[in-house]
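Worksheet: one structure, shown below.
The values are calculated or read from the model by the stated rules, or taken from the named source; none is laboratory data. Remember, it's a predicted structure, so these values are computed and weren't measured experimentally. With ideal geometry, Cβ positions are generated from the backbone for all residues, glycine too; neighbour counts draw on all protein chains shown.
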There are 2 protein chains.
Amino acid sequence: MTSSQGRKPEEMRLGVFLDAAGHYASAWRHPSTPTDRFFRLEYYRQLARTAERAKLDVVFFSDRYGLPDRYGDSFRATVTALHCTKLDPFTLIAALSGVTERIGLAATVSTSFTEPFHVARQFASLDLLSGGRSAWNIVTSTSDGEARNFGGERLPDHDARYERAREFVEVAGGLWDSWENDAFVFDKQAGVYAEADKVHYLHHRGKHFHVRGPLDVPGSPQGRPVLIQAGASEAGRDFAAGTAEVIFSAQPTLDGARSFYADMKAGAASYGRSPDAIKVMPGMMPIVAATEAEARETEAMLAEFADPVAGLAILSDQINYDLSVHPLDGPVPELSEVSGMQSRLQLVAKLTRSDSPTLRQLGRFYGGSRLHRKVVGTPVQVADFMEEWFRQEACDGFNIMPPYLPDGLDKFTELVVPELQNRGLFRTEYDGSTLREHLGLPWPAGRNRT
Amino acid sequence: MTSSQGRKPEEMRLGVFLDAAGHYASAWRHPSTPTDRFFRLEYYRQLARTAERAKLDVVFFSDRYGLPDRYGDSFRATVTALHCTKLDPFTLIAALSGVTERIGLAATVSTSFTEPFHVARQFASLDLLSGGRSAWNIVTSTSDGEARNFGGERLPDHDARYERAREFVEVAGGLWDSWENDAFVFDKQAGVYAEADKVHYLHHRGKHFHVRGPLDVPGSPQGRPVLIQAGASEAGRDFAAGTAEVIFSAQPTLDGARSFYADMKAGAASYGRSPDAIKVMPGMMPIVAATEAEARETEAMLAEFADPVAGLAILSDQINYDLSVHPLDGPVPELSEVSGMQSRLQLVAKLTRSDSPTLRQLGRFYGGSRLHRKVVGTPVQVADFMEEWFRQEACDGFNIMPPYLPDGLDKFTELVVPELQNRGLFRTEYDGSTLREHLGLPWPAGRNRT
């Protein structure tokens, strides 16, 4: 059993958001990225073990279904300029479960084109196999291109996607409660494997799903997988407040982050949940080096790689709107009605209001750091930033987004983590074995939980 | 590149069919089965490494969706008497990819309630992460209970399931051909990740699926996952002849196995395939000990555990027909019209014709060895059996089904494998690194393959 008691209040949670090349859109072009290892488990094992040596809470992989091709109805810019290939993130964290010991393993799985029985069962299985270290980042898909790999032509609209997502998570939670904790008997003499009275049908009959259950997989050492959400729209925030245990978000400013943090904690409370039961971890891209000048040089090099068209290709896909119909050197068009990822849209709107960029300039941002919150400087400067946000109640920790890999992660763990540890802001050893314990989350409530 | 040339024709292929407890229905009751480790990766790692030390070709895990409850519309008998829990097998082999080096990793995934895009992508990802060691056992689901976890009430009929399966595999194969082998450029200076002209949409629009593609995952060191099939019905055999690279089957007699083998090789030829491109590996349950008497004792002990009602519960689910409506001590009813697994039905019909058992007796068989081909005896006796079937062209090797675990696998690898190796019938070292190489299968043909 786990609870948040005993955790020092001044310790932050740190996850690392991984992919093959890093979070600069053209990071693969950095001289140090190992393009010949992008499809090898050995590479991801190295990354995950680096994070584990630094005692990070969790490694996280995002997802989408297929190649981004919303821009000009073509994947040409994406395939040519970007590391567009993507291993299935669930398969990746399952493979990593055998080569890591303590660190949490999180993957995005969309609720838009999947079945709750399969998703619940795969995560429940991984949660057992990893000893209670799995987490599911619940998203809705955001582009028509994804719909076209699953029999559809168009993405369902935003509210419909969230309606399905809510019911999906309700079903998954119900399936995870199929087995009471003490259902197993394992009496070989009497021939009683388990008590049938402690195994339960779900009998879910909702608008989107009919699922009878029971799941044939019992609960894990952390009860059930940790639920992550990153919705920034109104529907997304409300869903997260009621459901999520970890919130990833993109927060460009301290004030915005503080307001989001307060909003999410209040939202959790409005659902009768403890504010401690929901951890807010905004994304943060550290570009760190021994000197600030060196860090700035790295940033300049990464920005140099940016391809504006490829940047617009990523953005078009995320907001589900083809930006290729507008002139590259004209202003950013009014985008309030697009149906894709509302959080990206909000960031673009914010940028457009303050800087009035052209589409090419927006593409350059997006083909570079993608509007993520960068912190560029020395280990002390990065730690100062993190400490300020943490102490100012702008977050419970961060989802670290290395600008390029593996070097960007190595630098963070070698330079920044020790600085945080010296300040008493981050653990020096794991004191639990499950992800729920690392994060200081309570044992999940549930129908069949004691 | 792989081909079957250079492989000694007298070497057989050996897979091992694993689960938690073993293949006797009540194997978990054997004093040596570690019920406290059934949900731990460490246990499956031990099993897979044992198989790998013995140089076996592949470990295999089967699947179904949910708890068998067709019998009396209840899971009571199943949950009480059987090791009814089941980890998602794909998740399990993904986890095993990190803790094994050479052995193939095969899992069942049904085509009945899944999407080809997801299945193709997960297997393609695992195939890369494992270095070309994955295999997909393609099945159609067999019970109404499974349908009820996916919005349905009744299982689609047998022919409809196979129709969907054919189209499903066609789509998956097309997605695996999304990337030409030489599509990647990785030119960091010029900023060219890959050649867009060498990446292809699928644009599949069939009866069951509309899938545009491309997949965002390229081919693996073995080209694509190995395809396994186990259909024994006419539709199943025809599907396997055209599609499968490995055939699992249940063959009780040498004559039946020889006829099936000839039939499958001829079937492959009728699809323009080399007979070597399809490996027939019937299931075989070795109960082996230093002396025949000791082996018989083990068999008697395992049979002792059999629960006739639980046996009928498994069978009811597999054939999708509730046997609880018939008296336990009456004859086995006429079952020719049931819609579930036709291969099981054939075995039951055969047994019923020859032995006229009561339903209780049938349940006892099924709650025991489940009608699988047992071979009970010394290592020499088991090897003699295997050699005879192999030399008589009844098979290309076997899918070994340990009666209980881990001991049944240890005994097979320690006692029988060396005997086969001494006879020159089985490898003493892996000479390839991919599953396709172990099995002596050709590089897969495909639109975008060189």
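Taking the options B:R45, B:R70, B:R37, B:R53, name whichever one is in contact with a helix residue (DSSP H, G or I) (Cβ under 6 Å, 6 or more places away or on another chain) and at pLDDT 95 or above.
Details: B:R45 fails: in contact with a helix residue (DSSP H, G or I) (Cβ under 6 Å, 6 or more places away or on another chain); B:R70 fails: at pLDDT 95 or above; B:R53 fails: in contact with a helix residue (DSSP H, G or I) (Cβ under 6 Å, 6 or more places away or on another chain).
Only one candidate passes the filter, namely B:R37.
Checked against the criteria, B:A27 does not count as at the interface with chain A (Cβ under 9 Å from one of its Cβ atoms), in contact with a Phe, Trp or Tyr (Cβ under 7 Å, 6 or more places away or on another chain), of a type in the set (G, A, S) and buried (at least 24 other Cβ atoms within 10 Å of the Cβ). The set of residues in the range B:84-96 that are out of contact with any Asp or Glu (no Cβ under 9 Å at 6 or more places or on another chain) and more than 8 Å from chain A (Cβ to nearest Cβ) contains only B:I93. Among the residues of the range B:180-214, those identified as in contact with a His (Cβ under 8 Å, 6 or more places away or on another chain) and part of a strand (DSSP E or B) are B:Y193, B:H204, B:H210, B:V211. Of the candidates A:F17, A:F75, the single residue that is within 9 Å of another protein chain (Cβ to nearest Cβ) and within 24 Å of A:L315 (Cα to Cα) is A:F75. How many residues are modelled with pLDDT of 95 or more and either buried (at least 24 other Cβ atoms within 10 Å of the Cβ) or within 19 Å of A:R436 (Cα to Cα) (or both) if we restrict to the range A:112-143? Qualifying residue count for the region: 21. Scanning the range B:43-67 for residues that are within 9 Å of another protein chain (Cβ to nearest Cβ) and either free of Cβ contacts under 8 Å to residues at least 24 places away in the same chain or surrounded by 19 or more Cβ atoms within 10 Å (Cβ to Cβ) (or both) yields B:Y44, B:R64, B:Y65, B:G66, B:L67.
When you check A:A81 against the structure, is it farther than 21 Å from B:Q122 by Cα, within 7 Å of another protein chain (Cβ to nearest Cβ) and in contact with a Gly (Cβ under 7 Å, 6 or more places away or on another chain), yes or no?
Numbers: farther than 21 Å from B:Q122 by Cα: yes; within 7 Å of another protein chain (Cβ to nearest Cβ): yes; in contact with a Gly (Cβ under 7 Å, 6 or more places away or on another chain): yes.
Yes; evaluated as a whole, the condition is true for this residue.
Checked against (1) in contact with a Pro (Cβ under 8 Å, 6 or more places away or on another chain); (2) within 11 Å of another protein chain (Cβ to nearest Cβ); (3) modelled with pLDDT under 95, B:E146 passes all but condition (1).
Listed here are the residues, each with its yes/no results for (1) under 30 Å from B:R102 (Cβ atoms); (2) within 27 Å of the chain's Cα centre (by Cα).
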site: B:D177; (1), (2): yes, yes
site: B:N181; (1), (2): yes, no
site: B:D187; (1), (2): no, no
site: B:G191; (1), (2): no, no
site: B:G213; (1), (2): no, no
site: B:P221; (1), (2): yes, yes
site: B:A230; (1), (2): yes, yes
site: B:E234; (1), (2): no, yes
site: B:D238; (1), (2): no, yes
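Of all residues in the range B:402-430, count the ones that are under 19 Å from B:E245 (Cβ atoms) and either modelled with pLDDT under 95 or touching a Pro at 6+ places or on another chain (Cβ under 7 Å) (or both). Total satisfying the criteria: 0.
Restricting attention to helices (runs of 4 or more DSSP H) lying wholly within the range A:304-376, give those where 1 or more residues are out of contact with any Phe, Trp or Tyr (no Cβ under 9 Å at 6 or more places or on another chain) and surrounded by fewer than 19 Cβ atoms within 10 Å (Cβ to Cβ). Please lay out each step first, then the result.
Details: elements: A:308-319, A:342-355, A:359-366.
Answer list for the range A:304-376: A:342-355, A:359-366.
Could you tell me whether any residue of the range A:317-334 is within 14 Å of chain B (Cβ to nearest Cβ) and among the aliphatic types (A, V, I, L, M)?
Keep residues of the range A:317-334 that are within 14 Å of chain B (Cβ to nearest Cβ), which gives A:317.
So of that shortlist, the ones also among the aliphatic types (A, V, I, L, M) come out as none.
Checked the range A:317-334: no residue is within 14 Å of chain B (Cβ to nearest Cβ) and among the aliphatic types (A, V, I, L, M).
Against the criterion of being touching a Pro at 6+ places or on another chain (Cβ under 7 Å) and at pLDDT below 95, B:L351 qualifies.
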